[in-house]
Amino acid sequence: MTLKPLTAQERAAALAKAAQARTIRAEAKSKLKNGNTSIAALIEAAATEEALGRLKVTELLESLPGVGQVRARAIMEQVGIASTRRLRGLGIHQRKALIELLDSNILQARS
């Protein structure tokens with residue numbers, strides 16, 4: 001299946017939309033890193049915001065302070081989330097387990 005070539009206006013609109021989506025995802029990760037928002041709030045927002053829904057779960061986890069690639073993979077494995085999963089693709093049980101696990105780890109880290 002071949003796609004029809006885009007006009008210059010369509011291409012410019014697509015580029016602007018992509019840039020806006022990247023900005024939204026970057027701001028969300030920054031807020032999470034700074035502690036201005038929670039995982040639960042971002043997961044809830046991903047249900048309505050298309051740009052957040054396309055954010056990979058690994059990227060979200062890696063934006064948490066103290067979580068790198070290895071710890072993010074371990075968390076996802078523990079919860080049962082595939083490495084390619086995006087926020088909008090999480091099931092209700094995966095969302096709940098991820099939020100509970102991260103909330104309990106954050107509370108333990110603060111004590």
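Here residue 25 does not qualify as basic (Lys, Arg), surrounded by fewer than 17 Cβ atoms within 10 Å (Cβ to Cβ) and under 9 Å from the mean Cα position of the chain (by Cα).
Can you tell me which residue in segment 28-69 is surrounded by the fewest Cβ atoms within 10 Å (Cβ to Cβ), limited to those that are among the small types (Gly, Ala, Ser) and part of a helix (DSSP H, G or I)? That would be 30. Residues of segment 21-62 that are basic (Lys, Arg) and touching a helix residue (DSSP H, G or I) at 6+ places or on another chain (Cβ under 9 Å): 22, 25, 29, 31, 54, 56.
Within segment 76-88, being more than 14 Å from the chain's Cα centre (by Cα) and within 15 Å of residue 39 (Cα to Cα) holds for one residue alone: 79.
Before we move on, is residue 96 surrounded by fewer than 16 Cβ atoms within 10 Å (Cβ to Cβ), over 14 Å from the mean Cα position of the chain (by Cα) and not hydroxyl-bearing (Ser, Thr, Tyr)?
yes
Taken together, the criteria exclude residue 72 from residues that are in a helix (DSSP H, G or I), surrounded by 12 or more Cβ atoms within 10 Å (Cβ to Cβ) and within 11 Å of the chain's Cα centre (by Cα). Whether a residue is charged (D, E, K, R), in a helix (DSSP H, G or I) and closer than 21 Å to residue 100 by Cβ was assessed, and residue 10 does not pass this test. If the condition is being basic (Lys, Arg) and either surrounded by 11 or more Cβ atoms within 10 Å (Cβ to Cβ) or in contact with a strand residue (DSSP E or B) (Cβ under 8 Å, 6 or more places away or on another chain) (or both), then segment 1-21 contributes 11, 17.
Coordinate-derived values only; no laboratory data. Predicted model only: the values in this text are computed from it and were never measured. Every residue, glycine as well, gets a Cβ built from its backbone with ideal geometry; the counts of neighbours run over all protein chains shown.
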